[in-house]
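Beneath this line is the structure, given in structure tokens, with notes to follow.
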Amino acid sequence: MTETLLEVTDLRTEFSVEGGKIHPVDGVSFSVARGETLAVVGESGSGKSVTSLSIMGLLPHPPARISQGSIRLRCKDGQMRELVGLDDHALQRIRGNDMAMIFQEPMTSLNPVQRVGAQVAETILLHENIGRTAAMERVRALLNRVDIPDPMRRMQDYPHQMSGGMRQRVMIAMALACSPGLLIADEPTTALDVTVQAQVLLLMRRLQDELGMGILFITHNLGVVAEVARNVVVMYAGRVLEQGDVVEIFHRPRHPYTRSLLASLPRLHGRSAGKRERLAAIPGSMPSPRDLPPGCPFAPRCNDRIDACDAAVPALVDSGHGHLTRCLRWQELA
Amino acid sequence: MTDLLEIRALKKNFPVARRGVVQAVQDVSFAVAAGEVVGLVGESGSGKTTVGRMILRLIEPTSGEIRFDGIDLLAASAPEMRKLRRRMQIIFQDPFASLNPTMSVGAIVGEALDIHGLAKGSARTDRIVDLLQRVGLPAEAMERYPHEFSGGQRQRVGIARALAVEPAFIVADEPVSALDVSVQAQVINLLQDLQEQLGLALMFIAHDLAVVEHIADRVIVMYLGRIMEVAPSRDLYRNPRHPYTVALLSAAPTPDPLVRPQRIILSGELPSSLNPPSGCVFRTRCPHAVAACAEVVPPLEEVAPGHFKACIRDVV
Ligand SMILES: Nc1ncnc2c1ncn2[C@@H]1O[C@H](COP(=O)(O)OP(=O)(O)O)[C@@H](O)[C@H]1O
Ligand SMILES: Nc1ncnc2c1ncn2[C@@H]1O[C@H](COP(=O)(O)OP(=O)(O)O)[C@@H](O)[C@H]1O
Ligand SMILES: [Mg+2]
Ligand SMILES: [Mg+2]
């Protein structure tokens, strides 16, 4: 049995906006085990970042508030702790120490006028009672660990002097500084070129093998999901539409949305001789949390929609082996 | 097929203050036939946008030759150029930045008609409605403003604007890179339908290799300002001959968890285009490089019918 690191149950995040309240994340549950990667995949606006920021306790409140559910994290003492309702001070101690996050654009989290070595050192000094020299030695070891060549020299660089791939390595080094059990990676390779993405994914996998951390990997890229994940959560308009083992999701998708999404992808070597084919596009676009349909959020774009789909949001049901789907018709469509 | 566009030894240097010269595009030559879709791929900074913009003379080349319909673009007189402008259009990646937020969609599409004096009065309105319908937007969209539309719809507006002048050639610079997959497929289908119906020649710039394979007849692979390989789409993807193309294709993740890619991880970083390597620009990261690769810039040589590579080694 692998140990659970993170357990999110029925999470609902509310934003107060002009004209009322919206719920960009609603009824989301999943867990991440030690040494495993869970991918959350969805189109932009589906609620992926709000989910990760809710876990990290980094949403601005107001306007945001976790209005329902639980987020439990295994801390270094081995205990599961409830994060919902913790004050900022307590959360701050947990961030960095027990969980850390990297983002799509490292530039937004790095200080442009401070050398990267000093920035990584600061993260260490924030959580540990060691001297400056010892901290700098730790920084050198960390940069080395994330395969930054010539770390002594690169520590002196300012962020803009580094490539996007190197900056993401610095962010990973910073996230790992206090050996957190959980790493949340929100679109960590989206801004990178494919060859650099391949380098960074390889690095993340290696570090996971070495350190046994659990990774919550957020992305919109289905190719990346297939490559990194053991388990997958498919989000749409704030809801989980399908959830399960990665092979199940890609080879036996149960929800019409997942099926359509996979079908709409152009694939390498997908083209038969000479002929150009049309892609199976999904008409329309995802609704915003400000005007969600009353029933299944995907119903307006779904080829398999029936009237009952509009009556109420379908329940997320187990279609076998922990493969969950939120579709009224999953059995007849299977 | 006859060549609509012919580019020879195109070069662009950008001088940058105190740091030297960015060698953005070096010695790029290729042709595009009427009605052909050519894909231009390569990682960011490889010079794709600069090539696309030079063709439309939105960027002045440092040297080289661009012929469109046999006319030398760089020597064309102002009236000649104005006529040619109508025949070439560009679609940008960012449908947010490329549409004027203070203009209605009708005005945006209409402006293209006005510049070239193509339609007036009620004929103008009819034409705008017709163009919007062509790209899958309702006539009512005319009265609305860019911010009222989703990313995919804005890209449709950009396409309608490009089509307004009935061009023969369109440069589409990462037209679907900012869109979600489900919407990306809609826009790719639209571009493909329009290309076929109107017999357009299209230069499709993208970094997503699967998207390019899907849409292009022929593909050009660039790295650090230079062409590495050119081939018919199917040949390039099935039988890449340049080590860079091989590495690039191997790096693309496959949306199938049961497929474990045989990946070639490139070592090191992209060199600076302020100071590109001598000889083959890819040699510093190439798993097959030998001493001779530093000596001369490898010429593009035909290795199979229509399949060219710039590599002196014969390893892939
Ligand atoms: N501060 C905020 N105020 C109001 N709505 C927000 C705020 N932040 C995010 N949202 C909304 O929440 C939804 C989900 O956003 P997000 O989680 O960022 O999506 P994703 O990361 O999947 O692209 C979007 O519709 C977004 O507009
Ligand atoms: N106006 C400019 N001034 C200086 N350098 C530029 C300018 N435009 C582009 N470059 C540089 O030229 C190279 C090619 O850029 P670009 O054509 O945009 O590449 P791509 O579209 O393939 O990402 C890059 O190194 C880029 O930084
Ligand atoms: Mg996000
Ligand atoms: Mg570009």
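At-a-glance table
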{"quantity": "Test: residue in segment B:235-252 that is within 24 Å of B:Val171 (Cβ to Cβ) and open to solvent by 30 Å² or more (accessible area, probe 1.4 Å)", "calculated": "yes"}
{"quantity": "Residue match in segment B:210-219 (condition: within 27 Å of B:Thr284 (Cα to Cα) and outside any helix (DSSP H, G or I))", "calculated": "yes"}
{"quantity": "Residue within segment B:75-86 that is open to solvent by 50 Å² or more (accessible area, probe 1.4 Å), out of contact with any Gly (no Cβ under 9 Å at 6 or more places or on another chain), at pLDDT 95 or above and over 14 Å from B:Gly225 (Cα atoms) present", "calculated": "no"}
{"quantity": "Condition check for A:Pro297: buried (at least 21 other Cβ atoms within 10 Å of the Cβ), more than 13 Å from every other protein chain (Cβ to nearest Cβ) and part of a loop (DSSP other than H, G, I, E, B)", "calculated": "yes"}
{"quantity": "Which listed residue, of B:Gly45, B:Gly35, is assigned by TED's automatic domain parsing to the domain that holds B:Pro271, part of a loop (DSSP other than H, G, I, E, B) and more than 16 Å from ligand 2 (Cβ to nearest atom)", "calculated": "B:Gly35"}
{"quantity": "Members of segment B:220-255 that are at the interface with chain A (Cβ under 8 Å from one of its Cβ atoms), of a type in the set (Gly, Ala, Ser) and outside any helix (DSSP H, G or I)", "calculated": "B:Ala252"}
{"quantity": "Any hit, segment A:26-38, residues being part of a strand (DSSP E or B), under 19 Å from the mean Cα position of the chain (by Cα), within 14 Å of ligand 1 (Cβ to nearest atom) and surrounded by 14 or more Cβ atoms within 10 Å (Cβ to Cβ)", "calculated": "yes"}
{"quantity": "Test: A:Val146 is within 23 Å of the chain's Cα centre (by Cα), without any contact (Cβ under 8 Å) to a residue 60 or more places away in the chain and more than 16 Å from ligand 4 (Cβ to nearest atom)", "calculated": "no"}
{"quantity": "Residue in segment A:39-67 that is nearest to the other protein chains (Cβ to nearest Cβ), counting only those that are part of a loop (DSSP other than H, G, I, E, B) and more than 28 Å from A:Leu265 (Cβ to Cβ)", "calculated": "A:Pro63"}
{"quantity": "Yes/no for A:Arg206 being out of contact with any helix residue (DSSP H, G or I) (no Cβ under 9 Å at 6 or more places or on another chain) and more than 25 Å from A:Gly165 (Cβ to Cβ)", "calculated": "no"}
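This table checks each residue for (1) within 7 Å of chain B (Cβ to nearest Cβ); (2) surrounded by fewer than 21 Cβ atoms within 10 Å (Cβ to Cβ); (3) in a loop (DSSP other than H, G, I, E, B); (4) without any contact (Cβ under 8 Å) to a residue 40 or more places away in the chain.
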| site | (1), (2), (3), (4) |
| --- | --- |
| A:Glu227 | yes, no, no, yes |
| A:Val234 | no, no, no, no |
| A:Val240 | no, no, no, no |
| A:Val247 | yes, yes, no, yes |
| A:Arg254 | no, no, yes, no |
| A:Arg267 | yes, yes, yes, yes |
| A:Glu277 | no, yes, yes, yes |
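The values are calculated or read from the model by the stated rules, or taken from the named source; none is laboratory data. Nothing here was measured: the structure is a model prediction, and the numbers come from that model. Using ideal geometry, Cβ is built from the backbone for each residue, glycine included, and neighbour counts are taken over all protein chains shown. We work out accessible area using only protein heavy atoms, side chains counted, and drop any ligands, DNA or RNA first. Shrake-Rupley method; radii C 1.70, N 1.55, O 1.52, S 1.80 Å.
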